[in-house]
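Reviewing the structure listed below.
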Amino acid sequence: MEIVKTAKEVRDCVKEWKKQGLSIGFVPTMGYLHEGHGSLIKEAGALCHKVVVSIFVNPMQFGENEDFGSYPRDLERDAAFCREMGADLIFAPDAEEMYTEGFCSYVDMEGLTRELCGKSRPGHFRGVCTVVCKLFNIVTPDKAFFGQKDGQQLAVIRRMTVDLNLDIEIVGCPIVREPDGLAKSSRNTYLSREERKAALALSRTIEFGRELVRRGITDPKELTFAMKKNIEKEPLANIDYVEAVLMDTIEKTDRIKENVLVAMAVYVGKTRLIDNFIVGKADLPGDWQEENREC
Ligand code: PAF
């Protein structure tokens with residue numbers, strides 16, 4: 001496995017692989033990798049001949065008062081992890097390589113970025129779309145792999161590939177959790193021991209919300225209200241949002257049904273954590289499914 005720092009090195013390597021008829025899977029990351037990323041790398045390896053992982057803490061997607069400076073970084077550790085997971089190439093550019101002097105072109109998405117994290121973190125998705133579009137143009141993968149934990153990001157990237165005619169299949173992969181339920185995240189490293197315990201309010205509330213759907217709640221307001229009340233029992237937790245939206249468009253919905261994304265962002269101490277679930281057919285009570293079955 002090679003580690004390269006320039007776009008040209010990635011292009012040369014990928015060109016050679018494509019000449020041999022090999023398919024390319026791509027896993028974009030900001031590093032400090034964990035088993036969530038590991039599952040993406042493994043899935044890429046299962047579906048493609050070669051796997052490229054990018055490691056770049058993208059300054060453009062962080063707001064002024066966010067954690068760009070303190071975001072954990074450890075390339076040596078990440079390289080060992082990627083090797084173990086079966087990656088073939090790491091692209092670890094510095095900011096100057098990605099944003100050359102005079103840089104002034106951006107990918108700015110409307111619609112899907114208005115709610116949830118797009119609302120709380122203005123400019124965040126402009127940074128995400130711009131960097132992911134650039135990385136796609138450098139790596140030119142056949143498939144790219146994203147975790148469902150960033151549910152809105154997954155929807156936004158899918159929309160971007162359609163809107164910009166990018167010939168890349170976007171593969172969404174399930175959330176990977178710690179044994180006690182906490183969704184894996186590089187930001188979990190910020191949590192003190194007490195906060196780590198308090199952070200379980202998120203996954204517990206995800207399970208609680210899913211159970212309410214299974215029991216037949218169909219009003220999104222009723223569902224998110226009950227979920228908020230559940231989080232508020234934890235004194236260290238501070239809710240940013242708990243919302244139910246349509247997964248494909250990130251628009252508010254007036255009914256809980258299949259493919260609704262129930263998503264939350266919650267501060268635990270100073271750390272902002274996200275979690276979600278997507279309502280599946282199996283979550284909906286039988287009668288409701290029967291009534292709404294398409295003929
Ligand atoms: O999900 C992330 O880690 C980042 O948003 C991404 C997709 C690597 C873009 O910087």
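The lone criterion from (1) touching a strand residue (DSSP E or B) at 6+ places or on another chain (Cβ under 8 Å); (2) charged (D, E, K, R); (3) open to solvent by 30 Å² or more (accessible area, probe 1.4 Å) left unmet by Arg214 is number (1).
Going by what's in this entry, would Leu135 be described as buried (at least 21 other Cβ atoms within 10 Å of the Cβ) and in contact with a Pro (Cβ under 6 Å, 6 or more places away or on another chain)? Walk me through it before giving the result.
Details: buried (at least 21 other Cβ atoms within 10 Å of the Cβ): yes; in contact with a Pro (Cβ under 6 Å, 6 or more places away or on another chain): yes.
Spelling it out, Leu135 is indeed buried (at least 21 other Cβ atoms within 10 Å of the Cβ) and in contact with a Pro (Cβ under 6 Å, 6 or more places away or on another chain).
Going by what's in this entry, would Asp74 be described as out of contact with any strand residue (DSSP E or B) (no Cβ under 6 Å at 6 or more places or on another chain) and free of Cβ contacts under 8 Å to residues at least 40 places away in the same chain? Considered against the rule, which asks whether it is out of contact with any strand residue (DSSP E or B) (no Cβ under 6 Å at 6 or more places or on another chain) and free of Cβ contacts under 8 Å to residues at least 40 places away in the same chain, Asp74 comes out as no.
Tally the residues that are surrounded by fewer than 19 Cβ atoms within 10 Å (Cβ to Cβ) and either at pLDDT below 95 or within 14 Å of the ligand (Cβ to nearest atom) (or both), restricting the search to the range 173-183. Spell out how you get there, then give the answer.
As a first pass, look at the range 173-183 and keep what is surrounded by fewer than 19 Cβ atoms within 10 Å (Cβ to Cβ): 174, 176-181.
Keeping just the survivors that are either at pLDDT below 95 or within 14 Å of the ligand (Cβ to nearest atom) (or both) gives 176.
Here the count works out to 1.
Residues in the range 25-41 include none that are loosely packed, with under 15 Cβ neighbours inside 10 Å and of a type in the set (Gly, Ala, Ser).
For the range 159-187, taking the residues that are over 12 Å from the mean Cα position of the chain (by Cα) and among the charged types (D, E, K, R), the one that is farthest from Ala265 (Cα to Cα) is identified as Asp167. Looking only at residues in the range 99-132 that are assigned to a loop (DSSP other than H, G, I, E, B) and among the aromatic types (Phe, Trp, Tyr), which one is most open to solvent (accessible area, probe 1.4 Å)? Selected residue: Tyr106.
Among the residues of the range 152-161, is any at pLDDT 95 or above, at negative phi, of a type in the set (Ser, Thr, Tyr) and out of contact with any Gly (no Cβ under 6 Å at 6 or more places or on another chain)? Full working, then the answer.
Step one: of the range 152-161, the residues at pLDDT 95 or above are 152-161.
Remaining after also requiring at negative phi: 152-161.
Checking the rest, the ones that are also of a type in the set (Ser, Thr, Tyr) come to 161.
Okay, now just the ones that are also out of contact with any Gly (no Cβ under 6 Å at 6 or more places or on another chain), so 161.
Within the range 152-161, one or more residues are at pLDDT 95 or above, at negative phi, of a type in the set (Ser, Thr, Tyr) and out of contact with any Gly (no Cβ under 6 Å at 6 or more places or on another chain).
Within the range 97-112, no residue that is over 30 Å from Ala263 (Cα atoms) sits with its Cβ atom under 6 Å from a residue that is basic (Lys, Arg) at 6+ positions apart or across chains.
The values are calculated or read from the model by the stated rules, or taken from the named source; none is laboratory data. Remember, it's a predicted structure, so these values are computed and weren't measured experimentally. Counting neighbours? That spans all protein chains shown, and the Cβs are built from the backbone with ideal geometry, glycine included. Quick note on the areas: whole protein, heavy atoms, side chains included, nothing else; ligands and nucleic acids left out. Shrake-Rupley method; radii C 1.70, N 1.55, O 1.52, S 1.80 Å.
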